[in-house]
Amino acid sequence: FLVFLLLGGCSPRVIDEQQVDKNEKIVIKFSHVVSENTPKGLAAIRFADLVRARTGGYVEVQVFPDSMLYKDGEEFEALKSGAVQMLAPATSKLSTMFPEWQLFDLPFAFPDMTTAHTLMDGPLVQELFTDLQEQKFLGLAMWDSGFKQFTNNTRPLRKSEDFQGLHFRVMTSQVLKAQFSELGAQASAMPFNDVYQALKNGTVDAEENTISNIYTQNFYHSQKYLTLSNHGYLGYVVLTNADFWKSIPPEVAKILEDTLREVTIWERERAGEMDQKQLVALEREGKIEIAHLSQMERLQLQKTLNPVYELLSKEIGPDLVNRVKKIQE
Ligand code: LMR
């Protein structure tokens, strides 16, 4: 078996390449649904590269982007059955099994990313991570996509009345459905990799997403209007199968966890940067008309969407919802 050279200190490289028996290699299949040129896509690749270097190739992380292996709705079963070992689904997608994750879907829950990170790195998420064990999942980290914006084909969306009658694609979350019914719009849940086609053929005529997804999935090719609303947060839980993780030698698991901690910081920085850069790219392409909401318009939308908080309180209890409200203060 491997001899581990525990160098300690700040050098994370602990396994020497010469000592790796290729037959003993650990392979981690990391499946996700977005493009490589997104914060999540790039962070998964960076994690794979760093892990390969730091374990001398003993651990090979194979990244499968773009729903190549599994799409939304299939990923979780694949993780349970051991067909893949890592995922990074949006929090909203966990909510069919664990409704508490809808806290992150609450409209206008976070005034800025720092506030979202306070929740992500605090005790509440540790409690939600504990609940994941029911399904034999282990939560390893939380990554950013960013704030969601609205796109549609009918008119610039500024006031709640503008949403009347539109048909939005949403992720699988009751809070997201409720958000659009409060605005008088229709909402249908569908997997991420079906959205481009659904917008193109008119199955839906609107959606909400982060700039990196709107840009890299070419949603802007079949949407006329983009409203910069920052109305909702989109983030990910980096997940593994708890039994699989336990089967990794502890020294190796430590390298993976330390590397993931470092990649998480990197990922969040990239998310901020890419959001701005890809918005500039959208502006340059000029294919989609971009509306910036004024503070008054944001407040009006926020007020219309307040009842969503009560709906979630009824579903998961007021305590958790109040804890999110406290973080906003
Ligand atoms: C979506 O389904 O719109 C997003 O969750 C995709 C993603 O993973 O960013």
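The values are calculated or read from the model by the stated rules, or taken from the named source; none is laboratory data. Bear in mind the structure is a predicted one, so any value in this text is a computation, not a measurement. Note: ideal-geometry Cβ built from the backbone for every residue, glycine included; neighbour counts use all protein chains shown.
Taking the criterion of being surrounded by fewer than 20 Cβ atoms within 10 Å (Cβ to Cβ) and either assigned to a loop (DSSP other than H, G, I, E, B) or of a type in the set (V, I, T) (or both), the residues of region 267-293 that qualify are V280, G286, K287, I288, I290.
What about A187, is it of a type in the set (A, V, I, L, M, F, W, C), outside any loop (DSSP other than H, G, I, E, B), modelled with pLDDT of 95 or more and over 19 Å from the mean Cα position of the chain (by Cα)? Yes; evaluated as a whole, the condition is true for this residue.
Applying the set (1) within 16 Å of the ligand (Cβ to nearest atom); (2) farther than 30 Å from K29 by Cα; (3) surrounded by fewer than 14 Cβ atoms within 10 Å (Cβ to Cβ) to Q197 leaves exactly one unmet item: (2).
Selection within region 47-70: residues that are over 18 Å from P250 (Cα atoms) and of a type in the set (S, T, Y). The member of this set that is surrounded by the fewest Cβ atoms within 10 Å (Cβ to Cβ) is S67.
Suppose we keep only residues that are part of a helix (DSSP H, G or I) and free of Cβ contacts under 8 Å to residues at least 60 places away in the same chain within region 77-98. Which one would you say is farthest from the ligand (Cβ to nearest atom)? Checking each candidate, the answer is S81.
Evaluating T264 against the criteria (1) out of contact with any strand residue (DSSP E or B) (no Cβ under 6 Å at 6 or more places or on another chain); (2) under 18 Å from D49 (Cα atoms); (3) not basic (K, R) leaves one unmet condition, (1).
Listed here are the residues, each with its yes/no results for (1) within 16 Å of the ligand (Cβ to nearest atom); (2) under 24 Å from R298 (Cβ atoms); (3) among the charged types (D, E, K, R); (4) buried (at least 23 other Cβ atoms within 10 Å of the Cβ).
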residue	(1), (2), (3), (4)
E161	no, yes, yes, no
Q186	no, yes, no, no
M190	yes, no, no, no
N193	yes, no, no, no
T203	yes, no, no, no
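So for region 136-151 (the condition being over 26 Å from K287 (Cβ atoms), over 17 Å from the mean Cα position of the chain (by Cα) and assigned to a helix (DSSP H, G or I)), does at least one residue qualify? No: region 136-151 contains no residue that is over 26 Å from K287 (Cβ atoms), over 17 Å from the mean Cα position of the chain (by Cα) and assigned to a helix (DSSP H, G or I). For region 294-315, the candidate set comprises residues that are farther than 23 Å from Y225 by Cβ and of a type in the set (D, E); within that set, the residue that is surrounded by the most Cβ atoms within 10 Å (Cβ to Cβ) is E315. If you go through region 205-231 and keep only what is within 10 Å of the ligand (Cβ to nearest atom) and among the small types (G, A, S), you end up with just S212.
The number of residues in region 204-233 being in a loop (DSSP other than H, G, I, E, B) and touching a residue at least 24 places away in the same chain (Cβ under 8 Å) comes to 7.
Applying the set (1) under 24 Å from W143 (Cβ atoms); (2) out of contact with any Asp or Glu (no Cβ under 9 Å at 6 or more places or on another chain) to G272 leaves exactly one unmet item: (2).
Taking residues in region 181-200 that are farther than 18 Å from I214 by Cβ and without any contact (Cβ under 8 Å) to a residue 12 or more places away in the chain, and partners anywhere that are within 13 Å of the ligand (Cβ to nearest atom) and not in a helix (DSSP H, G or I), the pairs with Cβ atoms closer than 9 Å and at least 6 places apart or on different chains are S181/A187.
Just one of K246, K326 is over 22 Å from the mean Cα position of the chain (by Cα), among the basic types (K, R), part of a helix (DSSP H, G or I) and over 28 Å from F30 (Cβ atoms); which is it? Exactly one residue qualifies, and that residue is K326. Across region 152-166, the number of residues qualifying as over 26 Å from the mean Cα position of the chain (by Cα) and more than 23 Å from Y233 (Cβ to Cβ) comes to 5.
Report whether or not S181 is surrounded by fewer than 18 Cβ atoms within 10 Å (Cβ to Cβ) and under 24 Å from the mean Cα position of the chain (by Cα). For S181, the condition - surrounded by fewer than 18 Cβ atoms within 10 Å (Cβ to Cβ) and under 24 Å from the mean Cα position of the chain (by Cα) - is met.
Per-residue answers, yes or no, for (1) at pLDDT 95 or above; (2) assigned to a loop (DSSP other than H, G, I, E, B):
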{"residue": "L2", "(1), (2)": "no, yes"}
{"residue": "V33", "(1), (2)": "yes, yes"}
{"residue": "R52", "(1), (2)": "yes, no"}
{"residue": "V63", "(1), (2)": "yes, no"}
{"residue": "M68", "(1), (2)": "yes, yes"}
